[in-house]
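Below is one structure, written out as structure tokens, with a few remarks after it.
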Protein chains: 2
Amino acid sequence: MSVYENYVTQFGSFKKIDAFGYLDYLEGHPDEPRKHGKVVLVTADTPLKASRGEGKTTTTIALIDALRARGIDAAAVLRQPSMGITAAGSKGGASGGGKASLTHPELVDWGLCGEMAAIAAAQNLLVAFAEKAVDDERLDTIAVPRVSETPSRSLRRVRVDDGKNNIAERVVLTPTCELTQIVVLSRSMDEISNRVSNMVAGEKDGQPVRFGDFIDLWRITNILTEAVKPAYTETMQGSPVYVHCGPFANVSIGIPSLVSVEMACARHDVVVVEAGYGTDAGAQKWLDIAAREYGAQWPSAAIVVTRATTWRDDPTLRWRYPFHVHRLESLGIPAFPMINLWDGEDDQVLELRQQASHLKFREPIVGNLFRDGGDALVNQLDGFVAAVQNEGIPSVPGSHKGMDILEHVRWIADSAYGVPAERVVMRDGFSESLQDARALCAALGQDLNDYAVVAVKSPATMTDNDSAPEESRSVTLKKVEVHAGAGLVQVNLTSSLTTPMPKIV
Amino acid sequence: MSVYENYVTQFGSFKKIDAFGYLDYLEGHPDEPRKHGKVVLVTADTPLKASRGEGKTTTTIALIDALRARGIDAAAVLRQPSMGITAAGSKGGASGGGKASLTHPELVDWGLCGEMAAIAAAQNLLVAFAEKAVDDERLDTIAVPRVSETPSRSLRRVRVDDGKNNIAERVVLTPTCELTQIVVLSRSMDEISNRVSNMVAGEKDGQPVRFGDFIDLWRITNILTEAVKPAYTETMQGSPVYVHCGPFANVSIGIPSLVSVEMACARHDVVVVEAGYGTDAGAQKWLDIAAREYGAQWPSAAIVVTRATTWRDDPTLRWRYPFHVHRLESLGIPAFPMINLWDGEDDQVLELRQQASHLKFREPIVGNLFRDGGDALVNQLDGFVAAVQNEGIPSVPGSHKGMDILEHVRWIADSAYGVPAERVVMRDGFSESLQDARALCAALGQDLNDYAVVAVKSPATMTDNDSAPEESRSVTLKKVEVHAGAGLVQVNLTSSLTTPMPKIV
């Protein structure tokens, strides 16, 4: 039995892995055999709408099946799908499809091992403790939202304690809350405990009050005992897949837990991380938050998925896909176009390749992955495998810590959305919101400029109007929200609607 | 490997058992070796307050440890504690204490294998589907409450869709919702599906609309895949314990799932079922709902737990404990008084035994179970073991199906609380509420009198004023609520406050 097995327990149809314990063991035992796998991102074109993915999970699954068929020890790290959304039928699951499927997609889609439910219970308990602190006059206002795993448009704005204090609240989807972010970013239960302690519960006499000032932190960490452990499952072809945390790169950080990726890298040579929705969301956040600010690995390559139709059908949006591919290349990340064909599209392959060549892409990978799974890819991966294997683990570009927050946002708009600083505009109220955030941080003895920036926007747009001509595209800054425990500042941008609490469609 | 093992999967520190599958197999294979265990209830005096138990779970654990030490194959079936309440510190866990403890009490108390969280997600999804049905003009009003596992007093009354439709709603604790009742009472996933289909979603043009009229039932049952399976754990002494569903016998049925008990009976000779809060709550519901109406086994004996202090300290409430013991005896259930001593009370044993003798109780069982566990009991169980072993499985008294609902409630008040029919009074509005319930059932093509009655009341009182002299004690009927899917009619009674959504204390 390997040391790893000591950290694994069966959990119904899954295994759960004590990644904190295993990585801690490896750190304390540098001679223990381990791998130093490379991270590859599977990301995508900006989707035409959030409910219609390009097939990132399907690609991820097919890719590791194909790599393993070529004798490479590859594994995938997936984000846990948001159960409510899937169960409600608003969106397909995020567990692949057809021949590129997981063994138990219905269980992955619909609750996994209860991780998000436990995070929801813990976040809602924080709100309940804050409410008690109001009763006890330790707090005047509450700053943390309640969460729900079930989408329900009427929860966007609620009033609690109806008929008495009539307190306005909002409810957000569990995966988007600060506690989920904390679980994603933390490398030990102590770190989680410290970060929860630093979460701002609300205000008393105009000053921020942290949860650490009045709650027993063990009540929260106890609830998270199993939730912090990544789940392990397999593809239908038997390839290893880890699933943990993190959907919704539009309104949150939207990445799997850092320890799930690090554990996979200690176990496999190539670790494929799904980063969606599009390159402007999940990949941007992996690169600029996880890697630059939280010690995650810079990817050795990226696969950028699109559909034949997404790429071409809307001439005004056709700029986005090449923008993403070239942006990744400009960061030194070999970016492989992957065109995920639907039924009846096989005859378009030649034309798609010509178009890719015209755009100076690398040779694209093309296939119907739902129908053919990894078989569609196995003979198209020479360039990809060479890119991943020929270099060492890339170094990470510098942190943005200390960069003025406004400069930071302008840099994101420029590099990730192609909008220069002069067309990043501030909506009425943004300056005040920013000032409040700075004041809050100052009251906490911190500097807002040291926080990592989370862009909050529609998953389907990068700018105020992606269909506008390039020279008139703009980004509007709307408001700022501080997540002091996670060390993140969320900036709402673009004029498109973001709906953290979707309705059932 | 026994057939049973085919229905067992490891789930972290627990095992989960596919009780539906196992019991179905046994039914189809009458020659398969199995046991026909007897059910014993561990119930209690009415607590002085809900947050202070008498030690039912501690007694249950000590009892099976002691029975097994005597060579009897005993097991316990516990209700899953309400995680939010425990985590919030409002109440001790429900997993025993001291030497009478489970191996993983912190996991049992704080989420088990995610069963309640899954039920919460499914019930909240039903509400979200109902909301969509309102948008689609298939419903005018919604009849099902949202649920939360986290207590929060300000969720008792909320308004959703604030600023637009401002819809008043209430949120209840997960274990008290109709879907939990359905999981408790059902013996197959098909039965769950049928019962969910029959739940009343709301009204359209004054007529009730069932969920089966507009939702895909598999979306709900998929979420419940693992939640319907009882969890298996052990006491510190290695005795078998099944945990599944069902706290809150004050505001709901408050019993473990029927299949968890039936499975335990197929595996063990004596199955100890915890039925609290007091005899007037959990035991009344086990006898009058589970056994009389839903095919559960009538108990072969009962242990009625009290503390020395609960029994005696308040002279005006001293009548309750003997009332409970004598009531169970009057139903033909051998009722053994059990006095659970706290530290410093060992010198009271003689006096307590004299008092028991004076009250014509059976010889009481006395011990400090937190300190001594099953060791305190092992030599005091001769009478109990004889009572359980000397007779066959008792027959169940007749069903009350068809009894007029008002008669039915009066019968409960008389038999379970000692209040005769003439002092069961109706508060303003009760008649209208009852009339509405009858009309609702008629519109569903059913008869309200065929439903089982769930008394909803404070856990700490049986009457409007338990401290009043016997001849003036009354029960006030407040309102009626139909749970058509579960086949239950809930009747709120007594003038004491019931708080289905408690606050953190």
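The numbers here are math on the coordinates, done by the rules we state, and not lab data. What you see is a predicted model; the values in this text were computed from it and never measured. Every residue, glycine as well, gets a Cβ built from its backbone with ideal geometry; the counts of neighbours run over all protein chains shown.
Between B:G276 and B:G282, the built amide H atoms are under 5 Å apart, and every one of these is 5 or more places off in sequence or on another chain. Ranked for footprinting exposure by Cβ neighbours inside 10 Å, fewest first, B:D404, A:D18 give B:D404, A:D18.
Sorted from nearest, the other copies put their B:D372 label points 7.7 nm away, the label point being 7 Å from Cα in the direction of Cβ. Spin-label model, B:V3/A:E391: points 7 Å from Cα along the beta carbon direction are separated by 6.2 nm.
Cβ crowding within 10 Å, taken as a proxy for footprinting-reagent exposure, orders A:D346, B:D45, A:D31 from fewest neighbours to most as A:D31, A:D346, B:D45. Of the residues A:S188, A:S474, the one with the fewest other Cβ atoms within 10 Å heads the list, and the complete ranking is A:S188, A:S474. Taking amide H as placed 1.01 Å from N in the peptide plane, A:F336 has its amide H under 5 Å from the amide H of A:A302, A:I303, A:V304, each at least 5 places away in sequence or on another chain. Using Cβ point charges alone (K and R +1, D and E -1), the dipole size of chain B about the Cα centre works out to roughly 700 debye.
Per the Debye formula on identical point scatterers at the alpha carbon atoms of segment A:115-223, with no solvent, log10 I(q)/I(0) at q = 0.15, 0.18, 0.19, 0.22 Å⁻¹ is -0.63, -0.90, -0.99, -1.27.
The mean number of Cβ atoms from other chains found within 10 Å of a Cβ in peptide A:116-129 is 6, as a whole number. Remark: mean inter-chain Cβ contacts per residue of A:219-229 equal 4, using a 10 Å Cβ-Cβ cutoff to other protein chain atoms. How would segment B:349-459 be classified by its alpha-carbon gyration tensor: rounded, prolate or oblate, with rounded meaning a/c under 1.5 and the a/b versus b/c comparison settling the rest? Here segment B:349-459 falls in the prolate category. Based on alpha-carbon atoms, the Kirkwood radius and the radius of gyration of segment A:31-184 give Rg/Rh equal to 1.09. Neighbouring Cβ atoms from other chains, within 10 Å of the Cβ of residues in B:5-18, number 3 on average. By the Kirkwood approach, averaging reciprocal distances over each pair of separate Cα atoms, segment B:258-397 gets a hydrodynamic radius of 16.1 Å. Plainly put, the tip 7 Å out from Cα toward Cβ on A:S431 is 6.8 nm from that tip on each other copy, the closest given first.
Axis of helix A:405-417 versus longest Cα principal axis of chain A: the two differ by about 20°, to the nearest ten degrees. What whole-number distance in Å separates the alpha-carbon centres of segment A:281-337 and segment B:271-325? The two parts, judged by their Cα centres, are 65 Å apart. For segment A:238-319, the fraction of C-alpha pairs more than 22 angstrom apart is 31%. One Cα centroid belongs to segment B:58-73, the other to segment B:360-380; the line between them spans 11 Å.
Relative contact order of segment A:115-223: 30 percent, from C-alpha pairs under 8 Å at least 6 residues apart in sequence.
Between the residues A:L369, A:G383, A:G71, the greatest Cα displacement towards the positive end of the dipole of chain A, with unit charges on the Cβ of Lys, Arg, Asp and Glu, is found for A:L369. Computed on the Cα atoms alone, the convex hull of chain B gives a volume of 145 cubic angstrom per residue. With label points defined 7 Å past Cα in the direction of Cβ, position A:S188 shows copy-to-copy spacings of 5.3 nm, given to one decimal and shortest first. When the Kirkwood radius is taken over all Cα pairs of the protein assembly as shown, what Stokes-Einstein diffusion coefficient follows at 10 °C and 1.306 mPa s, in µm²/s? In µm²/s, the coefficient is 53. Shape class of segment B:405-493 from the alpha-carbon gyration tensor: prolate, with a/c at 1.5 or above and a/b greater than b/c. Each semi-axis of the equivalent ellipsoid for segment A:342-402 is √(5λ) with λ an eigenvalue of the Cα gyration tensor; in descending order they amount to 30, 16, 13 Å.
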